[in-house]
Amino acid sequence: MIKAIVGANWGDEGKGKITDLLAESSDVVIRFQGGANAGHTIINDYGRFALHILPSGTFYPHITNIIGNGVAVDIEKFLSELESITSQGVPVPKIIISERAQILMPYHTLQDAYEEERLGGKAFGSTKSGIAPFYSDKYAKTGIQICDLYDDARLMDRLRRAVEVKNVLFAHLYHKPPLDVNALYETLVGYRERLRPYVGDAVLFVHNALKDGKTILLEGQLGSMKDPDLGIYPMTTSSHTLAGFGCIGAAVPPTAIKEVICVTKAYSSCVGSKTEPFVSELLGDAGDELRRRGGDKGEFGATTGRPRRVGWFDAIATKYGCMVQGATEVALTCLDVLGYLNEIPVCTGYEIDGKRITDFPVTPELMKAKPIFTVLPGWQCDIRGITSWDALPQAAKDYVAFLEAQIGVPIKIVSTGPKRHEILYR
Ligand code: GDP
């Protein structure tokens, strides 16, 4: 049985905590897309961790953690993240990196940085971790798979082909020094043995696990809005952030995904450049206050440390985000954050060219959208750590019920704090 945990919005919805929680009763956790360009925050008995590439089941010895074929594997970051958690007392986790996954190469990171530099003020606010060049190369068929690491002649051949193209680009478009194939080859060969204990046939493993009746979690990175097909293109990421892509990136059968848990926050937050459409954004002092109070340490990127833009809950974007994920239920996080407000606006419509719409539009329309708010009463008290629905103040219950009616998917989990036990089930 497979459950997918994915984001309804722009990422940072609190998927890490929900995955960590649900991982406990699972056998396998799989990352199926993206790379080390975003992070999950997990707070547990070992400490506070920002995981970028390791799956969220990393802290449980009973779980097999899979880095699926759909992931961009930055080997250096993988090894250093592993080293960093084990040095903090976490036992070495069970990990399988799919031998079909591709390697995020040092030149992908370089290309990302060069491209941002070239675009100057028109840049998309990339995290410069090489994700866009990585996926471009994958589809252009110049990528290098993990399995290529273990075949000398093939590795050199794959590298030569890739570098030939990169060097034309680097010299003539970016005016940067050329890449040295031999140095790259040596770097990759240096990873081989360190990586070997973790490399395996993840496809067969997953299918056997399903046959054996195991519970598998698919762990999504970022959220619906960042999907290159159904998100706010081109201010998206370069891999698919939708649960459906788990069928490719984690190699699971489409019919095996039984639950899609869509995570959304009780307010909105979004990283990325200022040019990105973010209709329900809250600016000025009120925005600063929400940013400061948000999450567990304020709304700042887990990977980049960048301040996140914040805003009110956007029911239009979230309804769409849940729809394209195929959400069977919603986990609402960070409800506790809103306890300081006496009134809470919720974006329940967009005004575009004088017309009110309630269905999420394409990007050029979205760029013109102005928010229409419905204002709900706040509960004005601290609800952090409440674990039963009945114990919530009426106004908080009404707020959750209102969001649920807006998005049309049952909100079954409500998170009332960053810690693992600060959660309630409806
Ligand atoms: P992810 O990428 O979706 O996993 O999201 P992040 O982990 O980057 O961001 C979510 C932030 O909110 C983290 O700092 C979490 O510790 C924090 N968080 C998660 N759930 C809650 C909650 O219910 N209340 C509060 N106050 N913080 C939460």
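The values are calculated or read from the model by the stated rules, or taken from the named source; none is laboratory data. Since we're looking at a predicted model, the values are computed, not measured. Note that each Cβ is placed from the backbone with ideal geometry, even for glycine, and that neighbours are counted across all protein chains shown. Note: areas computed on protein heavy atoms with side chains; ligands, DNA, RNA excluded. Shrake-Rupley method; radii C 1.70, N 1.55, O 1.52, S 1.80 Å.
Do you know which residues across region 371-406 are among the charged types (D, E, K, R), touching a residue at least 24 places away in the same chain (Cβ under 8 Å) and surrounded by 13 or more Cβ atoms within 10 Å (Cβ to Cβ)?
384, 404
Inside region 396-426, can you point out the residues that are away from the ligand (no atom under 13 Å from the Cβ) and not hydrophobic (A, V, I, L, M, F, W, C)?
Within region 396-426, 397, 398, 399, 404, 406, 408, 410, 412, 425, 426 meet the criteria.
Please give the number of the condition residue 78 fails out of (1) open to solvent by 30 Å² or more (accessible area, probe 1.4 Å); (2) touching a residue at least 12 places away in the same chain (Cβ under 8 Å).
That leaves (1) as the condition not met.
In region 259-275, what residues are of a type in the set (Lys, Arg) and not in a strand (DSSP E or B)?
274, the sole residue that qualifies.
Residues checked against (1) open to solvent by 10 Å² or more (accessible area, probe 1.4 Å); (2) at negative phi:
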position	(1), (2)
37	yes, yes
51	no, yes
58	no, yes
65	no, yes
70	no, yes
85	no, yes
89	yes, no
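Scan region 314-360 residue by residue and report those that are over 29 Å from residue 387 (Cα atoms) and either in a strand (DSSP E or B) or without any contact (Cβ under 8 Å) to a residue 40 or more places away in the chain (or both).
Listed by number, the residues that qualify are 349, 350, 351, 352, 353, 354, 355, 356, 357.
Within region 110-146, can you find the residues that are crowded, with 20+ Cβ neighbours inside 10 Å and in a helix (DSSP H, G or I)?
Residues satisfying the conditions are 111, 112, 131, 132, 133, 134, 135, 137, 146.
Which condition breaks for residue 393 when tested against (1) more than 15 Å from residue 265 (Cβ to Cβ); (2) within 15 Å of the ligand (Cβ to nearest atom); (3) not small (Gly, Ala, Ser)?
Failing condition for residue 393: (2).
Collect the residues in region 199-231 that are crowded, with 23+ Cβ neighbours inside 10 Å, in contact (Cβ under 8 Å) with a residue 12 or more places away in the chain and over 13 Å from residue 68 (Cβ atoms), keeping them in residue-number order.
Once the filter is applied, which keeps residues that are crowded, with 23+ Cβ neighbours inside 10 Å, in contact (Cβ under 8 Å) with a residue 12 or more places away in the chain and over 13 Å from residue 68 (Cβ atoms), region 199-231 yields 222, 223, 224, 225, 226, 227.
Being away from the ligand (no atom under 14 Å from the Cβ), closer than 21 Å to residue 289 by Cβ and in contact with a helix residue (DSSP H, G or I) (Cβ under 6 Å, 6 or more places away or on another chain): is that true of residue 371 here?
For residue 371, the condition - away from the ligand (no atom under 14 Å from the Cβ), closer than 21 Å to residue 289 by Cβ and in contact with a helix residue (DSSP H, G or I) (Cβ under 6 Å, 6 or more places away or on another chain) - is not met.
Take residues that are of a type outside the set (Val, Ile, Thr) and within 16 Å of the ligand (Cβ to nearest atom) and tell me which of the strands (runs of 3 or more DSSP E) falling wholly in region 7-75 contain 2 or more.
40-44, 47-51
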